[in-house]
Structure formats: C-alpha cells, structure tokens
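Presented below is the structure to which this report refers.
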Amino acid sequence: MGLTDGPFVVLLGVLGLAAFVACVVLLPRVAGGGPRQVASRAGLVVGAQLLVVFAVLVAVNSSFGFFGSWADMLGTDKSKVRVVGAGPTSSPAAASQPSLRPTSDALSRGLPPKEGRLDAVVIRGPRSGVTAPAYVYLPPQYSEHAFRHKRLPVVLVLTADVQAAITHLRLPSVAAGQIAGRTVQPTAYVLMRPVGACVDAPGGQQAGTFFAEDVPMAVAASYRVAHDGPGWGVLGDADGGYCAAKLALEAGDRFTAAVSAATSYGAPPGDLYGRSAAVRSENDLLWRLSHRPPPPAHLLVVTAGGATEPAQQLTALARPPVRADSLTVAGGGTLPTWQRDLPAVLRWLSGRLSPEN
C-alpha cells in the first residue's frame, strides 16, 4: 500500500486502536516484579505507543502531503523531478523589465539532472509592482539535444497550496510521466499562489498585469520557453480558477487555453475597485461575457467538490469564439485532490498549446 493511500491510513488507525485496547486488557495479566513481567509490560506499552504515534503521523502526512511515497520519505525517490535553487538565467534584466531570480527552498533535493528540474524562484514585476515566489518545472526534454532550438509551451498553475500540488498531487512527476508516455508534449510548468485576486486595483496593486504580462516575460527571459499566445496556458482552482478564466478571457493573446475550477466567476469581494461600479463590473467574468464581445478563448470549466453552479453559469454564457468544455473531477474543490483526473487535464491543455521554434 502507498504511504498516502486511504485504506492504509484507515488500517493503521484500526491497528493503533487495537494496540491500545490490547495494552489495557493484557497489562493486568503481566503484573508482578519479575524480569519477564517487567519486560512484557514495557513491550506492550512501547509497542502500543509506537503504533499509535505512527498512525497519527501517517494520517497527518496524508492530509498535508509532506511525503508522497515511501521512497520519498526514505530518500530513495527516483521520480522525475529534481528541485534545485537556480535555473538557467539570461543576462541581468534592466530595472524596468520583469525579472526572475533563484532562491533556496526547503523542498530542494539532489536528484540527477536527467530526471528533470524544479527551480524555486522569485518573480519581480515592475509593471505591476508585485513580487512573488514561484516554482518552475522543466521536463527532462528541456536539456535534450533534440529540443535545443524549441521554446517549450508553458502552463501557469495557480493554487493556494503550491507545496501540496508538488508533494501530494505530485504534479511535476505526473507531468513527466505523461510526457514520457507521449500523451502530453514536453511542457514547462510555473506554479504560484494567486495574488490580489488577479485584479488591477485602481491606484493600487496591479495583480492582473502581474500574471498577464510580468510573469510570462520574466519566465521567457530566463528559460527557453514560449513567450506568450499559443505557447501559454493556465490552470487554477478556487481564486486561482477565477484568475485562470480571467486571463483567458482578458488576455487571450498571452494565454490561449485555461482550465478553471473556481468557486465564483463574479467580481472578487473586497476593496479592490476604488469604489467604481464600472471597474467592479469589468472584473465580473459573467458580466463581461454578457456585455463585451467574446474573445477567442479555450476554456475547460471544471466542477469540483460538488460546486456545480459556478461552472454552469460560465458555460451557459460562453458563445463563439469562446469554446468551453466541461469536466467533473473526482477530488474535492482544490487542485491537490485531483489525482485521478490530473492526467486528463494536462492532456487537454497540451492539445491546445504550441511550442515556438
């Protein structure tokens, strides 16, 4: 059984409870001061405690995704991901240009370069005034001779729990497996938390500009990946799902396809609009689809965790040249629970992205 498998977690819980009960029942039977009785009592107490503690630790790990497998926990993981602190960078960018710098990270581990690479970086956006951390996954093909003249397509992944997407969902490893099986083309993935509800606040933080302009420019300047348009897609859940759909509908020249599992496609709550009803309306994706000319956009609208209404609202308003497909995933509402459906999502995106030669 896998370390994070539900049946294994339940089995350990049952065994832990059984060990506690056995300890309570058997301790009176080994009462006495002899060496054998003392050793028996110590064995019962220590054994029961170890089993209970191990069951609790496995349950916590299953929830938070600290280790994805036995090999991951024991340090013998041979999955196709290598986390490092630096990626190949271009010459230093001018102060007015978006930039990307490497950082060190607790997830770093030293696997062979042939198994891929996941860089911990910080992206600075002078146009938006936003600076945010990210991970950039590069598949093994990035370093292969056959791809030396190709700029790989990119998927921007926006989720609140980036670490769980890496360690629990194991998105880089799943992507590497799909690429190796030739069901997904070699693709880079940029994983980030959504910032500022993806809204350009009047007189404030320009979070929409950060994702639409600064992030693609910084990544393309530092890695051999597509600059924008047909080479970029976006995938998001919850607030990141709203942002994914917004980028496809507002910045279709930079993001050609989006997978979105949002809790709402209306204007995000908060003081983000400078008390302007017009600005709020422009950030309401349902209003935009009803009142603005539809852009050419590819959408995969995901229903997750039983939240069907937001997906139905968006797909009902989509009309050509907007193309909206639907998918119901087996997991909960957040990306790290999509283990069964992630390969299908990555294949959908891959079929709509193009590398640059």
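Could you tell me whether the range 6-64 comes out rounded, prolate or oblate from its Cα gyration tensor? Rule is a ≥ b ≥ c as square roots of the eigenvalues, rounded for a/c under 1.5, then prolate if a/b exceeds b/c, otherwise oblate. Prolate, because a/c is 1.5 or more and a/b exceeds b/c. Less than 5 angstrom separates the built amide H of residue 325 from those of 299, 300, 301, all sequence-distant by 5 or more or on a different chain.
The string of couplings for the range 212-225 from the Karplus curve (6.51, -1.76, 1.60, θ = phi - 60°) is 6, 10, 5, 5, x, 5, 5, 5, 5, 6, 9, 10, 7, 10 Hz, one whole number per residue in order, with x for Gly and Pro. Extent along the principal axes, Cα only, for the range 83-350: 51, 43, 33 Å, with the longest axis given first. Per-residue packing, averaged as other Cβ atoms within 10 Å, sorts the ranges 257-269, 238-250, 182-194 into the order 238-250, 257-269, 182-194, beginning with the highest.
Structural descriptor for the range 83-350: relative contact order 17 percent, calculated from alpha carbon pairs under 8 angstrom and at least 6 residues apart.
Label sites at residue 127 and residue 10, each approximated as a point 7 angstrom past Cα along Cα to Cβ, lie 5.1 nm apart. In this simple spin-label approximation, residue 291 and residue 183 carry label points 7 Å from Cα along the Cα→Cβ vector, and these lie 4.3 nm apart. Summarising the amide proton neighbourhood of residue 117: residues at separation of 5 or more, or on other chains, whose placed amide H is nearer than 5 Å comprise 82, 138. With θ taken as phi - 60° and the Karplus curve 6.51 cos²θ - 1.76 cosθ + 1.60 applied, the whole-hertz 3J(HN,Hα) list for the range 240-246 is x, x, 4, 4, 4, 5, 5 Hz, x standing for glycine and proline. With a Förster radius of 30 Å, plug the Cβ-Cβ distance of residue 312 and residue 275 into 1/(1 + (r/R0)^6) and report the FRET value to the nearest 0.05. Efficiency computed from Cβ-Cβ geometry: 0.45.
The phi torsions of the range 12-23, fed into the Karplus equation with coefficients 6.51, -1.76 and 1.60 and a -60° offset, translate into couplings of 5, x, 5, 5, x, 5, 5, 5, 5, 4, 4, 5 Hz, rounded to whole numbers, with Gly and Pro shown as x.
Summarising the amide proton neighbourhood of residue 234: residues at separation of 5 or more, or on other chains, whose placed amide H is nearer than 5 Å comprise 156, 257, 258, 259.
Stretched out straight at 0.36 nm per residue, the stretch from residue 160 to residue 42 would grow longer than its current Cα-Cα span by 37.9 nm. The range 259-288 and the range 236-250 have Cα centres separated by 11 Å.
From the Cα gyration tensor of the range 282-357, with a ≥ b ≥ c the square roots of its eigenvalues, which class applies: rounded if a/c is under 1.5, or else prolate if a/b is larger than b/c, or else oblate? Don't jump to the answer; show the numbers that get you there.
Working: a/c = 2.49, a/b = 1.19, b/c = 2.09.
Since a/c reaches 1.5 but b/c is at least a/b, the shape of the range 282-357 is classed as oblate.
Spin-label pair residue 145-residue 263: with each label point 7 Å from Cα along the Cα-Cβ axis, the two points sit 5.2 nm from one another.
The numbers here are math on the coordinates, done by the rules we state, and not lab data. This structure is a prediction, so every number in the text was calculated from the model and none was measured. Neighbour counts are summed over all protein chains in view; Cβ atoms, including those assigned to glycine, are modelled from backbone coordinates with ideal geometry.
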